[in-house]
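The values are calculated or read from the model by the stated rules, or taken from the named source; none is laboratory data. Remember, predicted model here, so these are calculated numbers, not experimental data. Every residue, glycine among them, receives a Cβ derived from its backbone with ideal geometry; neighbour counts consider all protein chains shown. These accessible areas exclude ligands, DNA and RNA; they are computed on the full protein's heavy atoms, side chains included. Shrake-Rupley method; radii C 1.70, N 1.55, O 1.52, S 1.80 Å.
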Amino acid sequence: MTVATTEDLLRTLAPQVLGALVRRYGRFEDCEDAVQEAVLAAATQWPAQGVPDNPRGWLRTVAARRLVDQIRSDQARRVRESVTAAEPVPEEVPDADDTLLLLFLCCHPVLTAASQTALTLRAVGGLTTAEIARAFLVPEATMAARISRAKQRIRTAGSAFRPPEGADRAERLRVVLHVLYLIFNEGYTASSGSDLHRPDLAAEAIRLTRLVHGQLPDDSEVTGLLALMLLTHARRHARTTGSGDLVPLAEQDRTRWDRALIDEGTALAAAALGGPRLGPYQLQAAIAATHADAATAEQTNWPQVHALYLILSRIAPNPVVTLNRAVALAEVEGPAAGLALLATLDDDERMARHHRLLSVRAHLLERSGDLAGAYRCYRAAARATASLAERRYLESRAARVRR
Amino acid sequence: MKFVISMHINPAVLDALTDEEKAAIGAGHARFIEELKESGELIVTQALVDPSQAAVVSVRDGQPVVTDGPFLEAKEFLGGFYLIDCEDKDRAVELAARIPDAAIEGLGIEVRQVMFSDGTLEA
């Protein structure tokens with residue numbers, strides 16, 4: 001077996017073994033350390049000696065042994081001043097896939113989003129601390145501190161390792177999906193482009209979402225999120241030029257879109273919409289599928305995109321949805337209608353200075369023929385964005401309307 | 001999100017402080033660094049030498065010209081910075097407020113986001 005496939009196998013098995021251990025022993029921190037050690041042992045032994053017949057059982061046995069050693073030495077320390085605590089007897093745990101339970105734990109509501117994403121990538125994604133640090137462009141010590149603090153907080157919160165139930169479960173699953181969505185987006189918004197060894201967070205988010213989808217195939221929001229990721233990822237080669245400049249959706253070379261991902265994403269988006277309950281990811285996936293369906297930007301079914309944004313703004317209202325709806329509305333009814341809808345966002349203090357509002361307004365002003373207004377808004381948007389690529393793009397648009 | 005928290009200091013203001021006040025600033029920074037390290041939000045922090053030690057470099061007709069600094073003649077100058085990675089701007093501002101300089105009239109603390117290279121264009 002090659003090194004690459006051993007690595008893949010370990011990354012698949014590690015979260016399952018960790019889940020089984022935590023369910024049996026609690027002590028998330030210690031279990032995590034034990035599994036990391038077992039994975040390390042496997043990574044050195046398996047390529048040389050061959051993969052054992054039952055690799056998951058092998059990992060679990062090695063990890064459990066490390067963990068029990070750790071528990072024993074902790075207890076030995078305590079025993080010196082107190083009575084002997086009943087020592088936990090390692091027990092065969094069922095081979096059930098505990099990945100989902102692990103995700104619930106890593107996306108615990110006491111953690112910040114940054115800690116949830118880091119812990120998820122480490123415990124469920126099987127990435128090393130160094131890899132996660134590279135992915136977020138921070139020093140390894142910074143990421144190590146963040147992960148260790150996250151584990152402490154989970155322990156302090158006294159979280160029992162059992163699946164949340166009822167309304168709590170729905171809310172916790174919503175957090176899990178949001179964390180996966182954040183990991184996916186991080187892959188698109190923070191990449192430096194210069195670090196070839198930077199893990200592909202978008203691909204990793206898709207892999208993790210596939211795992212969740214495998215566990216909850218009938219949850220239409222999970223299906224919707226996976227579809228949304230695939231349909232967005234399908235455009236990755238067309239969204240930037242060779243020199244790293246951004247290409248807006250309307251100007252992308254659609255022959256460079258990944259057909260296989262679009263087909264899979266479109267099928268999933270359709271399946272998700274057939275579900276009993278409508279959610280924001282399903283709707284966003286349906287919108288992405290509508291765009292994917294158009295061979296050229298001109299052929300886009302804008303009335304359908306607008307209708308979907310309208311539903312989205314009813315079930316999950318937020319200023320960004322209004323912004324996107326204004327773009328669609330302008331395509332259907334003309335720029336004046338889009339600008340009128342944007343005006344409703346001016347009272348929102350956070351939104352009024354947001355670069356997205358400024359850049360969408362600039363686009364619509366340009367289309368309506370108000371080039372001076374468009375210039376002002378493009379320039380203001382360029383000043384407001386934190387993305388260098390976006391700033392370059394907005395400045396080039398500003399230069400264009402100035403002529 | 002990454003932010004630079006920069007400290008703009010004024011030697012005249014610093015000189016007017018008592019020894020106890022100066023020591024309190026030092027201790028405050030040490031405590032702040034420890035907190036940031038523990039929370040996993042610190043990327044790097046550095047203090048800079050006095051601007052009288054700065055070299056201003058320019059190239060004229062292809063030849064480098066080096067003069068003694070500083071570039072800007074001002075009462076305040078960049079004394080040092082923290083590069084942090086935190087949840088959002090609100091958090092960066094909350095952290096900046098813990099820097100002891102922030103409580104002293106005449107010293108300035110500035111928070112600015114660090115730009116990233118990629119971006120999204122959905123509309």
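Checked against (1) open to solvent by less than 30 Å² (accessible area, probe 1.4 Å); (2) over 30 Å from the mean Cα position of the chain (by Cα), residue A:360 passes all but a single condition, namely (2). Those helices (runs of 4 or more DSSP H) of the stretch B:10-123 in which 1 or more residues are within 21 Å of residue A:145 (Cα to Cα), within 14 Å of another protein chain (Cβ to nearest Cβ) and more than 16 Å from the chain's Cα centre (by Cα) occupy B:19-39, B:89-96. Within 13 Å of chain B (Cβ to nearest Cβ) and either of a type outside the set (Lys, Arg) or more than 27 Å from residue A:301 (Cα to Cα) (or both), is that true of residue A:352? Spelling it out, it is not the case that residue A:352 is within 13 Å of chain B (Cβ to nearest Cβ) and either of a type outside the set (Lys, Arg) or more than 27 Å from residue A:301 (Cα to Cα) (or both). Evaluation of residue B:1 against the conditions (1) open to solvent by 50 Å² or more (accessible area, probe 1.4 Å); (2) over 28 Å from residue B:73 (Cβ atoms); (3) without any contact (Cβ under 8 Å) to a residue 24 or more places away in the chain shows that the sole unmet condition is (3).
Of the residues making up the stretch A:11-49, those that are small (Gly, Ala, Ser) and either in a helix (DSSP H, G or I) or at pLDDT 90 or above (or both) are A:14, A:19, A:20, A:34, A:38, A:41, A:42, A:43, A:48.
Quick check on the stretch A:318-334. Is at least one of its residues away from chain B (no Cβ under 12 Å) and at pLDDT below 95? The answer is yes; a qualifying residue exists. Out of the residues in the stretch A:130-151 that are open to solvent by less than 40 Å² (accessible area, probe 1.4 Å) and of a type in the set (Gly, Ala, Ser), state the one that is farthest from the other protein chains (Cβ to nearest Cβ). The extreme case among them is A:130. Is one or more of the residues making up the stretch A:390-398 over 28 Å from residue A:304 (Cα atoms), surrounded by 15 or more Cβ atoms within 10 Å (Cβ to Cβ), out of contact with any Pro (no Cβ under 6 Å at 6 or more places or on another chain) and more than 14 Å from chain B (Cβ to nearest Cβ)? There is at least one residue in the stretch A:390-398 that is over 28 Å from residue A:304 (Cα atoms), surrounded by 15 or more Cβ atoms within 10 Å (Cβ to Cβ), out of contact with any Pro (no Cβ under 6 Å at 6 or more places or on another chain) and more than 14 Å from chain B (Cβ to nearest Cβ).
To keep it simple, each residue is scored yes or no on (1) open to solvent by 50 Å² or more (accessible area, probe 1.4 Å); (2) more than 13 Å from chain B (Cβ to nearest Cβ); (3) β-branched (Val, Ile, Thr); (4) over 22 Å from residue B:117 (Cα atoms).
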{"residue": "A:364", "(1), (2), (3), (4)": "no, no, no, yes"}
{"residue": "A:368", "(1), (2), (3), (4)": "yes, yes, no, yes"}
{"residue": "A:373", "(1), (2), (3), (4)": "no, yes, no, yes"}
{"residue": "A:387", "(1), (2), (3), (4)": "no, no, no, no"}
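Filter the stretch B:98-115 down to residues that are without any contact (Cβ under 8 Å) to a residue 12 or more places away in the chain and touching a strand residue (DSSP E or B) at 6+ places or on another chain (Cβ under 8 Å), then give me how many there are. Count: 2. One residue stands out among those in the stretch A:152-171 that are of a type in the set (D, E, K, R) and not in a loop (DSSP other than H, G, I, E, B): the one that is nearest to the other protein chains (Cβ to nearest Cβ), which is A:153.
In the stretch A:111-129, the residue that is nearest to residue A:10 (Cα to Cα) out of those that are surrounded by fewer than 24 Cβ atoms within 10 Å (Cβ to Cβ) and more than 14 Å from chain B (Cβ to nearest Cβ) is A:126.
Here's the yes/no breakdown for (1) in contact with a Ser or Thr (Cβ under 7 Å, 6 or more places away or on another chain); (2) under 20 Å from residue A:294 (Cβ atoms); (3) outside any helix (DSSP H, G or I); (4) not hydrophobic (A, V, I, L, M, F, W, C):
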| site | (1), (2), (3), (4) |
| --- | --- |
| A:199 | no, no, yes, yes |
| A:202 | no, no, no, no |
| A:207 | no, no, no, yes |
| A:211 | yes, no, no, no |
| A:218 | no, no, yes, yes |
| A:226 | yes, no, no, no |
| A:236 | no, yes, yes, yes |
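Filtered by the rule that a residue be among the charged types (D, E, K, R) and out of contact with any strand residue (DSSP E or B) (no Cβ under 8 Å at 6 or more places or on another chain), the stretch A:374-396 gives A:376, A:379, A:383, A:391, A:395.
Residues that are within 14 Å of chain B (Cβ to nearest Cβ) and of a type outside the set (A, V, I, L, M) were ranked within the stretch A:218-236; the one that is farthest from residue A:187 (Cα to Cα) is A:235. Can you tell me how many residues in the stretch A:246-269 are more than 14 Å from every other protein chain (Cβ to nearest Cβ), open to solvent by 70 Å² or more (accessible area, probe 1.4 Å) and either in contact (Cβ under 8 Å) with a residue 60 or more places away in the chain or over 24 Å from the mean Cα position of the chain (by Cα) (or both)? Number satisfying all stated conditions: 2.
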